[in-house]
Amino acid sequence: MSKPVAHYSPSFRAGDWLIVSGQLGLRDGALTEGVEEQTRQALANMSSVLEAAGASFTDVAKCTIFMSDMANFATINSIYADTFGDHLPSRSAVAVAALPLGGLVEIEAWAYLGD
């Protein structure tokens, strides 16, 4: 799990919900190279946060993907689809002017941990 780059928690439990803060493609404190690797790493970081709370991708009900360039959507979507497989949580994808540390993609999630 990567260390937060600002004043926030990697996740927050609110009742039956686990809110996972936006994950960048950080490994060992630095961004990985390129949109493909950043997307894979952001999802790996998300997996670590989920696992630390006793959850997994199959518990995710909603994701938001922030990207610095909508031209990267197909690449990000393909990696996201490979990661989630047959599980299809609700999702939004938003182009933004910039992301922290110059990231190309950031992904947040809401996971339901109730019965």
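Just so you know, all these numbers are worked out from the coordinates, no wet-lab data involved. Here the structure is a predicted model, which means the values were calculated and not measured. So basically every Cβ, Gly included, is an ideal-geometry build from the backbone, and we count neighbours across all protein chains shown.
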Practice problem: Could you tell me whether any residue of the stretch 82-89 is on the phi < 0 side of the Ramachandran plot, charged (D, E, K, R) and surrounded by fewer than 16 Cβ atoms within 10 Å (Cβ to Cβ)? | Solution: yes
So S9, is it outside any loop (DSSP other than H, G, I, E, B) and among the polar types (S, T, N, Q)
no
Restricting attention to the stretch 9-44, the residues that are among the hydroxyl-bearing types (S, T, Y), under 15 Å from I107 (Cβ atoms) and more than 9 Å from the chain's Cα centre (by Cα) number exactly 2
message: more than 15 Å from L24 (Cα to Cα), assigned to a strand (DSSP E or B) and in contact (Cβ under 8 Å) with a residue 40 or more places away in the chain: is that true of A55 in this structure?
response: no
From the option list S21, S48, S78, single residue qualifying as among the hydroxyl-bearing types (S, T, Y) and not in a helix (DSSP H, G or I) is S21
Within the stretch 82-104, the count of residues that are under 26 Å from S56 (Cα atoms), assigned to a helix (DSSP H, G or I) and over 13 Å from the mean Cα position of the chain (by Cα) comes to 2
Pairs returned, first residue in the stretch 7-31 that is over 21 Å from S56 (Cβ atoms), second residue that is assigned to a strand (DSSP E or B) and not aromatic (F, W, Y), beta-carbon separation under 7 angstrom, 6 or more apart or interchain, are Y8/S21
